[in-house]
Amino acid sequence: NAPKRVDENVMETLTDKIVNWIGQQSAEKPFFVYFTPVAVHNPITPSKATAGKSKGGPFCDFISDLDLSVGRVLDALDKQGLAENTLVLFSSDNGGVNKPENANLVQTDAQKAGLKPVGPFRGGKHDVWEGGFRVPYLVRWPGHVPAGTVCDETVSIVDTLASLAAITGAALPKASEGAEDSHDVSKAWLGEKYEGSLRPDVIAHSADGNFAIRNRGYKRIEGVPAVDVKPAAKKAHVAQFKPQLFDLKNDIAEEKEISANHADVVDGLKALLNRSRWRLQP
């Protein structure tokens, strides 16, 4: 936290900067903006304009600041006449804070008021459960991305790079040099027809280093923490530290562990994770 930073002014200041910058752009020269708002990350410091306005406390007030910021960015594109030819993507780097057992969090106050930070998913930020990884992934490009549509294709945020490259005609480096995990999912963005899956699988791990792999609707949790995980964390996350298999197509909340009846799926996902880990060929 910078010494001269005024927390409740940060969102407005950052938004002012990007809006002013967009106001200097024209349709003749392509541009790219990577905007990382401080909301809704800790410290939870809503602006004077939103503080106390929601029924969910400071955290929901801070969400309002993010809403206002996004609206101002979109309005700036409209004002410059750039909206029709600008692709806007809104996403997050991890799932929300979901710790209702911790009464000291403002996020818990918001949950008590009715907020569902991770929807129907289990766990939250730092966990190996779906709540740790499922995030918004919204794409807007008038005339190209069909408005109001939803796609259930498995997409990782790292696919953004390869997808933008495909749309703009930019060349990616060789997989051995960069973007090795990025897949072109632009067909899903654009509502185009395709066969099969756009990416073969998704590998993720918790803050404890516990790996999981998703493939064809199944998710296998390896259940092994990193060697330096402290005993307190092992105790708190004990339910995550064992091999488990879930059918996400029919059990999105990860309530029923099914490995005992799907040994072939377990073996296949275990082998797939190891091949990826050690860069082995099938």
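General remarks:
- In loop segments of the range 89-198 as defined by DSSP, the trypsin sites (Lys or Arg not before Pro) with at most 16 further C-beta atoms inside 10 Å of their C-beta are K174, K193.
- The range 125-226: relative contact order in percent, alpha carbon pairs under 8 Å with at least 6 residues between: 26
- Largest first, the extents of the alpha carbon coordinates of the range 1-86 on the three principal axes equal 43, 31, 17 Å.
- Per residue, the convex hull spanned by the Cα atoms of the range 236-278 measures out at 97 cubic angstrom.
- Candidates per chymotrypsin sites (Phe, Trp or Tyr not before Pro) in the range 194-238, loop by DSSP, up to 13 other Cβ within 10 Å: Y194
- Helix-derived mean residue ellipticity, 222 nm - over the chain, DSSP H n ≥ 4, -39500 (n - 2.57), to 500: -8500 deg cm²/dmol
- Positive minus negative residues near T50 (Lys, Arg vs Asp, Glu; Cβ under 11 Å): -3
- Here the Karplus relation 6.51 cos²θ - 1.76 cosθ + 1.60, evaluated at θ = phi - 60°, turns the backbone of the range 265-278 into coupling constants of 5, 4, 4, x, 6, 5, 5, 5, 5, 5, 4, 5, 5, 9 Hz, with x for every Gly and Pro.
- The convex hull around the C-alpha trace of the chain, projected and averaged over every direction, spans 18.4 square nanometres.
- What separates the Cα centres of the range 51-103 and the range 168-222 is a distance of 26 Å.
- For the range 54-70, backbone nitrogen atoms closer than 19 Å to the point 7 Å from E8 Cα along Cα-to-C-beta are found at 54-69.
- Dimensionless Rg over Rh [the range 47-100; C-alpha; Kirkwood]: 1.09
- Each residue of the range 229-239 was assigned a 3J(HN,Hα) from its phi angle through the Karplus expression (A = 6.51, B = -1.76, C = 1.60, θ = phi - 60°), giving 5, 6, x, 5, 5, 4, 5, 5, 10, 4, 5 Hz with x at Gly and Pro.
- ³J(HN,Hα) computed for each position of the range 166-174 - Karplus, 6.51 cos²θ - 1.76 cosθ + 1.60, integer Hz, glycine/proline x: 5, 5, 8, x, 7, 8, 8, x, 4
- When only Cα pairs below 8 angstrom with a gap of at least 6 residues are kept, the range 208-269 shows a relative contact order of 31 percent.
- Length-normalised contact order of the chain in % [C-alpha pairs under 8 Å, at least 6 apart]: 11
- Of V229, V135, V88, the residue with the greatest mean-square motion in the GNM of the chain, using alpha carbon springs below 10 Å, is V229.
- Fully extending the segment from V227 to E177, taken as 0.36 nm per residue of separation minus the present Cα-Cα distance, adds 15.1 nm.
- The loop-placed GluC sites (Glu not before Pro) in the range 51-140, going by DSSP, that have at most 10 neighbouring Cβ atoms within 10 Å of their Cβ come out as E101.
- Fraction of antiparallel bridges per DSSP, the range 134-282 only, in percent to nearest 5: 100
- Among E192, E254, E28, the largest mean-square fluctuation in a Gaussian network model of the chain, built with springs joining Cα atoms closer than 10 Å, belongs to E28.
- Geometric descriptor of the range 37-173, per residue, is 153 Å³ (volume of the convex hull of the Cα atoms).
- GNM on the chain, alpha-carbon springs under 10 angstrom: the most fluctuating residue among A271, A175, A39 is A175.
- Accessible area of the chain divided out per residue, in Å², using a probe of 1.4 angstrom: 62
- Size of charge dipole - the range 155-242 - debye, nearest 20, with Cβ of Lys, Arg +1 and Asp, Glu -1, no other charges: 500
- Only the Cβ atoms of Lys and Arg (+1) and of Asp and Glu (-1) were treated as charged; on that basis the dipole of the chain about its Cα centre amounts to roughly 500 debye.
The values are calculated or read from the model by the stated rules, or taken from the named source; none is laboratory data. Owing to the predicted nature of the structure, the values given are computational and were not obtained by experimental measurement. Glycine also receives a Cβ, built like all others from the backbone with ideal geometry; neighbour counts cover every protein chain displayed. SASA here: full protein model, heavy atoms, side chains in, ligands and nucleic acids out. Shrake-Rupley method; radii C 1.70, N 1.55, O 1.52, S 1.80 Å.
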